[in-house]
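Before any comments, here is the structure.
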Amino acid sequence: MVINVLISSDEEIDQLLQVLSLPNLRTKCVYLGAKGCLWRVKPIVCEMFLCEYAKKTVFDKDRPALREWGRLKRREKRYTWPNRPVLFDDLESYFIRAGYSSSLMYFHNSPGLLRIKALAGLTRSV
C-alpha cells in the first residue's frame, strides 16, 4: 500500500481512500472499481490470479500459453514463497519496526507463510 501511495496521483489516492471509507458489503475485491483495479501497482497475489473459467477459456485453446503460465507460476514463488529471504518480508519488517501494521502483511501474519519460514529457519525478530 505504501508503494502504491508513493507512486499514485492525488486523484488515485483519493479513490482508494473513498472506497476504504465505505463498508465492504461486496463479494468481490473492494479495490475493483468501474474501470478495473484501483491500485497503480497491483499486489502479486492479484496479478498472478486467474479464475478457473479464464484459465479454461484461454489455455484449452492455447497450449503454449499454458506452458508459459506454468513457468510464470514457478517464478512467482521467488517473490511469495518465503523459504529464503524475499523482498516483501523485508519491506514488512521495515514498516513494523516503524510502528505500522496491517492484516495485509502476509509474511508476518499468514500462518502458512510463518510455518514455511519456521521450517526454513528464517524466523527472526522484527
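The values are calculated or read from the model by the stated rules, or taken from the named source; none is laboratory data. The structure presented is a predicted model; accordingly, all values stated were derived computationally and were not measured. When we count neighbours, we look across all protein chains shown, and the Cβ atoms used for this are built from the backbone with ideal geometry, even at glycine.
Mind checking whether some residue in the range 29-43 is modelled with pLDDT of 80 or more, among the charged types (D, E, K, R), out of contact with any helix residue (DSSP H, G or I) (no Cβ under 8 Å at 6 or more places or on another chain) and surrounded by 12 or more Cβ atoms within 10 Å (Cβ to Cβ)?
The answer is yes; a qualifying residue exists.
Any idea which residue in the range 1-15 is farthest from Trp39 (Cα to Cα), counting only those that are of a type in the set (S, T, N, Q) and not in a helix (DSSP H, G or I)?
The selected residue is Ser9.
Within the range 40-126, which helices (runs of 4 or more DSSP H) (wholly inside it) include 1 or more residues that are β-branched (Val, Ile, Thr)?
44-47, 52-59, 63-80, 87-97, 111-119
Looking at the range 57-81, I want the residues that are closer than 27 Å to Leu122 by Cα and free of Cβ contacts under 8 Å to residues at least 60 places away in the same chain and have a partner that is hydroxyl-bearing (Ser, Thr, Tyr) and surrounded by 11 or more Cβ atoms within 10 Å (Cβ to Cβ) with Cβ atoms under 9 Å, at least 6 apart or on another chain. Which pairs are those?
Final answer for the pair search is Thr80/Tyr106.
With the structure loaded, tell me whether Thr80 is surrounded by 11 or more Cβ atoms within 10 Å (Cβ to Cβ) and modelled with pLDDT under 85 or whether it fails that test.
Criteria met by Thr80.
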